[in-house]
Amino acid sequence: MSTTNSTASSVKERADLALNDEFLRNAVRFTTERLRGGKMKAAEEHGNWDEWRERGRQIRLHTIAHLDYYLNLFADNARANGVHVHFADTSADAVKIALAIAERKSAKSVVKSKSMVTEELHLNHALESIGIEAIESDLGEYIIQLAGETPSHIIIPAIHKNRYQIADLLSKEAGETLPPDTSILAGFVRKKLREKFLETEIGMTGCNFAIAETGSMVLFENEGNARMVTTVPKTQITLMGMERIIPSWTDLEVMATLLPRSATGQKLTVYMSGITGPRREHDADGPDEMHMIIVDNGRSLQLGDPEFQELLNCIRCGACLNACPVYRHIGGHAYGGTYSGPIGAVLTPALKKNVAEWDDIANASSLCGACYEACPVKIPLHDMLVSLRRRKVESGHGNKLEAVGMKGFSAVMGNSGRFKGMLKLAKIGQKLVVQSGDIRTKLGPLKGWNSYRVTPSLPKKSFRDGWGTLEAELRQGLKELDPEVRQRMETIVKERKSGGGHEHG
Ligand code: SF4
């Protein structure tokens, strides 16, 4: 069973469905492990990976700090190259511009390469609502389009499907049974799409990076479909989130080092296309007309926000998804928005500035920081998740019961006497629910936790109780140490005792 078309309304409901979908879990686990392993190997082989991450971060910080300057520089240069540049404040504006171009061209269809921003705008739906067929040409996007679903990963849209499910989908399209053999399945899609490329009026792409100094756009891909999309149709429309700009081709060298390695573990993407304007007189191919739609849609809300501006540094590599223990268990659809995983959990509420509606996805995180470690431009997503939670409480949307509980917790943990008293009570109280040394009840807040694991009971002798013995053992050990080292350690202990230590359990 697939959970992807679920009408479940909360993250918890969608996560429960995903956890019970064995196909989905196996497929997501298999691919994320492969991607994560590939990335780790590529980073290790590269050598000074952290240094490059820092270089990437500095480029993104600088660009976003001067975003208006670089956007204007890009727009001026792109216009000088013959590109029609449009700025869209909202999702509706971007869709309106794209539809107007398609209608002016009397287009019956649009062939697309993979683009998360068009997913964000629900552009396929809008095109189809006015009778224009939207054809996805990226293999993963094509598969989920046939399935009537949305991408569940930034770079591997059909990550939640295995080859047997894909063979079933493509067999329906082919009108005959296709074997679950990846080369046969890819061959079928290739043939099918070739016909579409030749008959379609408009090619539509996203944009990995826009180069301000020359007004160029750069696309990274592995299948060659984006190159077809940008060379065969007579008109090209590119949609780009306003943050996807970098100052120069020199900066692209750093990004081209970070992006493929972080995304798939590849040293270099198979195809990297740099496009500077429509076809010129002597060019063999390329579009006669080219449009670039630069989309804001909530991005500028992050500018000047000290907690969230770094979100705009994201290069959409997907590494944080592959590293996240939550994403690896529930896949992308459980997050409920266009973007999933740790970046989606922050970006979705941030783009809408609607903490109340999307608050629960900020809770779908263990705050382990694996996303930060994986991120090639060092975006502190774990800190942002905490900020989102805090903003939810500050905006009055917090859970009242939880607030009372946290106050009580703070009162107990902040006072040694209360802590000891509470511990004594808990040891007595737990006798009602302990079985074979573990707390197995599913009552109250332990329900969710104990549904998938057991909680160890409080031991008869706590760490604090045993501290006296341990301290004596340590003192004995100290006596046997070199006198100089002992002297230093005793000084540290004295300092701690005279006021450095906190008064809690
Ligand atoms: S937040 Fe970092 S790791 Fe996640 S998609 Fe963006 S750049 Fe990649």
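The values are calculated or read from the model by the stated rules, or taken from the named source; none is laboratory data. Values in this document were obtained by computation on a predicted structure and should not be read as measured data. Positions of Cβ are backbone-derived with ideal geometry, glycine not excepted, and every protein chain shown enters the neighbour counts. Please note that ligands, DNA and RNA were not included when accessible areas were found on the heavy atoms of the full protein model with its side chains. Shrake-Rupley method; radii C 1.70, N 1.55, O 1.52, S 1.80 Å.
Miscellaneous remarks
- Cα Rg, Dmax (largest Cα-Cα span) when computed across region 400-456, Å: 13.0, 35
- Given +1 at the Cβ of Lys and Arg, -1 at the Cβ of Asp and Glu and no other charges, the dipole of the chain around its Cα centre is 2360 debye to the nearest 20.
- Thr250 - accessible surface, heavy atoms, 1.4 Å probe, Å² rounded to 10: 90
- In this structure region 14-124 gives 50 Å² per residue of accessible area when probed at 1.4 Å with all protein chains present.
- Unit Cα scatterers, Debye sum, region 400-505: log10 I(q)/I(0) for q = 0.15, 0.17, 0.19, 0.24 Å⁻¹: -0.86, -0.98, -1.08, -1.35
- Projecting the alpha carbon convex hull of region 152-273 along each direction and taking the average yields 8.8 nm².
- The stretch between Gln476 and Lys172, if pulled fully straight at 0.36 nm per residue, gains 101.8 nm over its current Cα-Cα span.
- Here Arg280 and Glu195 are evaluated by their C-beta separation; at R0 = 41 Å the FRET efficiency comes out at 0.90.
- Accessible-area composition of the chain, carbon plus sulfur, in percent [1.4 Å probe]: 55
- Counting only DSSP beta bridges with both residues in the chain, the antiparallel share comes to about 30 percent.
- Given charges at Cβ of Lys, Arg, Asp, Glu: region 400-456 dipole, positive-most of Gln430, Val404, Thr455: Gln430
- Acute angle (nearest 10 degrees) that the helix 341-352 long axis makes with the longest principal axis of the chain, alpha-carbon atoms: 70
- Under the simplified labelling scheme, the Lys424-Glu44 pair shows an inter-label distance of 5.3 nm, with each label point 7 Å from Cα along Cα→Cβ.
- Radius of gyration and maximum dimension Dmax of region 12-65, Cα, Å: 17.5, 45
- Computed E for Met413/Arg163 - FRET, C-beta separation, R0 56 angstrom, nearest 0.05: 0.65
- Region 11-301: relative contact order in percent, alpha carbon pairs under 8 Å with at least 6 residues between: 28
- Straight-distance candidates among the lysines for linking to Lys161, with alpha-carbon spacing under 24 Å and chain neighbours fewer than 8 residues away dropped: Lys12, Lys39, Lys112, Lys114, Lys172, Lys191, Lys192.
- The value given for region 11-301 is a Kirkwood hydrodynamic radius of 20.2 Å, derived from the mean inverse Cα-Cα separation.
- Residues of region 243-272 falling in the label zone of Glu213, defined by backbone nitrogen less than 11 Å from a point 7 Å along Cα to beta-carbon, are 247-253.
- As computed over region 293-401, the Cα convex hull volume per residue (Å³): 107
- Legend note: in the chain, cysteines whose Cβ sits 4.7 Å or more from every other cysteine Cβ are Cys207, Cys314, Cys317, Cys324, Cys368, Cys375.
- Accessible area expressed per residue, region 400-456, with surrounding protein chains retained (probe 1.4 Å, Å²): 79
- Computed from label points 7 Å out along Cα-Cβ, the spacing between Tyr271 and Phe30 is 2.6 nm.
- Using alpha carbons only: equivalent-ellipsoid semi-axes of the chain, gyration tensor based, whole Å: 50, 28, 22
- The mean accessible area for residues of region 190-303, using a 1.4 Å probe and ignoring ligands and nucleic acids, is 38 Å² per residue.
- Relative contact order for the chain, counting Cα pairs under 8 Å that sit 6 or more residues apart, in percent: 17
- With the convex hull constructed from alpha-carbon coordinates only, region 304-348 shows a mean projected area of 3.3 nm² over all directions.
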